[in-house]
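Down below is the structure, laid out as structure tokens.
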Amino acid sequence: MDKILVHGGHTLTGSVKISGSKNSALPILAATLLTKEPCVIHHVPDLSDIHYMLQIISHLGAQVERASGTVRIEAESIKTVAPYEIVRKMRASVCVLGPLLGREKEATVSLPGGCVIGDRPIDLHLKGFEALNAAHRVEQGNVKVFASELRGSVINLRGKLGPTVLGTGNVMMAAVLATGTSVIEGAAAEPEVVDLANFLTKMGAKIEGAGTSRIIIEGVKELHGAEHEVIPDRIEAGTFLVAAAIAGKEVQLKRVEPTHLTAVIDALNQSGYRTTSGVGTLTLHGNGQAKPLQLTTEPYPGFPTDMQAQMCALLSRTAGSSTVMETVFPQRFMHVSELKRMGADIELEGSTAIIKGINRLSGAPVMASDLRASAALVLAGLQAEGVTEVNRVYHIDRGYESIDEKLNGLGAQIERVKA
Ligand code: UD1
């Protein structure tokens, strides 16, 4: 398995281009299954999660062509059973359920297994499909959803831990082809949900309210092909902002949407980092004296759970006492024990990390078992003494396009060691 060696102590400066959003691209690619006509999606990042999604789509019978960041999909006729060998590799595979159910009135996908960031059920997705008049059955590790006719209705998708992002997208993708009007209450308001709604609208769907907690969908008979450009990845952008805060002089992000990053920018500003934004750009200016923070993760527009691990890395070496409370995935703290191996002073109390900043971390062999946790360890290594060896790099490659090359372009010294 590849590993990454981060040689600490190099200052970051310059500019970096942000890739298209993984979490937007995944459901948008799945949504192309809703029509027989060709769809063209631009700015699709080159990531292993995207490869898995394209493999599933092509297994389902669609023609998939890919040239650099552009993907053309034509799903003239499709099957409704997604293959276990690919589905098991990525939880986001569940988002083919909605489009298959919408178009073919049935879909079978393996149940996503237990996930390292806690138990990740799909009960809310199924509750939404049920409200649209679909039944479901679990058989031999697969979930099958089916309906004679999908009928619009009022659906409350709010779970005990808040709204569901993929669940909102999934139900929206089924409801666009249902008979009558559907109202999703408690909908996720993330920019990725809005991007999906924009794409579906280009395909001929009638959707209002995306980006709020109430989405209204008037079902249509059929959708047509469309062309779309995926929004910039706000989590990749946030990760580079934190990298700049940890090790930067002045770093500019290009092709970014600053309004999607308000909570992250606010947190960094509160800690004393100065940021400036322009059209499609965002710059973090170096800072001498950072202040500790009291952070809580929340659904959008709150501070994103996908930026929590990276902030723990930053706060590990910010003088004073910080707290980071995780409310979206309460068990998402795998990075803490690894940061402690680098010398960080962090205690966990329930779903809150209490972080006492130290001057400098020290490089160590570390390993994380989740995408954002792995990224946090690379960031921690940027200013650690000596070399940080990050193992299980495939986690990072799931969600960051060439993170090592991009950081090296800013002045970091990172080597990838092929297994
Ligand atoms: C998406 C993102 C992920 C991000 C998360 C929260 C993708 C591919 N992934 O994941 O990066 O961390 O949003 O912003 O877009 N829940 C239930 N029942 C369900 C579904 C979810 O209880 O049926 C719970 C989850 O366990 C979690 C919370 O709801 O505690 C939010 O999860 P959800 O928004 O669904 O996460 P994903 O959409 O899977």
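The values are calculated or read from the model by the stated rules, or taken from the named source; none is laboratory data. Note that this is a predicted model, so its numbers are computed, not measured. Cβ atoms come from the backbone with ideal geometry, glycine included; neighbour counts cover every protein chain shown.
Numerical summary
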{"item": "Test: residue in segment 265-274 that is at pLDDT 95 or above, hydroxyl-bearing (Ser, Thr, Tyr) and buried (at least 16 other Cβ atoms within 10 Å of the Cβ)", "result": "yes"}
{"item": "The lone exception for Val138 - which of (1) within 16 Å of the ligand (Cβ to nearest atom); (2) surrounded by fewer than 17 Cβ atoms within 10 Å (Cβ to Cβ); (3) closer than 28 Å to Arg372 by Cα it fails", "result": "(3)"}
{"item": "Gly411 vs. criteria on the phi > 0 side of the Ramachandran plot, away from the ligand (no atom under 16 Å from the Cβ) and surrounded by 16 or more Cβ atoms within 10 Å (Cβ to Cβ)", "result": "yes"}
{"item": "Filter pass, Leu177 being more than 16 Å from the ligand (Cβ to nearest atom) and of a type outside the set (D, E, K, R)", "result": "yes"}
{"item": "Test: residue in segment 254-269 that is assigned by TED's automatic domain parsing to the domain that holds Leu410, of a type in the set (Asp, Glu) and within 17 Å of Lys17 (Cβ to Cβ)", "result": "yes"}
{"item": "Selected residue [of a type in the set (Val, Ile, Thr), crowded, with 24+ Cβ neighbours inside 10 Å and in contact with a Pro (Cβ under 9 Å, 6 or more places away or on another chain)] from Val171, Val193, Val145", "result": "Val193"}
{"item": "Spans of helices (runs of 4 or more DSSP H) in segment 134-251 with at least 3 residues without any contact (Cβ under 8 Å) to a residue 60 or more places away in the chain and either within 30 Å of Ala267 (Cβ to Cβ) or outside the structural domain of Ile403 (by TED's automatic domain parsing) (or both)", "result": "191-202"}
{"item": "Filter result for the condition that a residue is farther than 17 Å from Glu190 by Cα and β-branched (Val, Ile, Thr), over Val165, Val143", "result": "Val143"}
{"item": "Matching residues, segment 1-52, being surrounded by 24 or more Cβ atoms within 10 Å (Cβ to Cβ), more than 24 Å from Arg416 (Cβ to Cβ) and aliphatic (A, V, I, L, M)", "result": "Leu26, Ile28, Leu29, Ala30, Ala31, Leu33, Leu34, Ile41"}
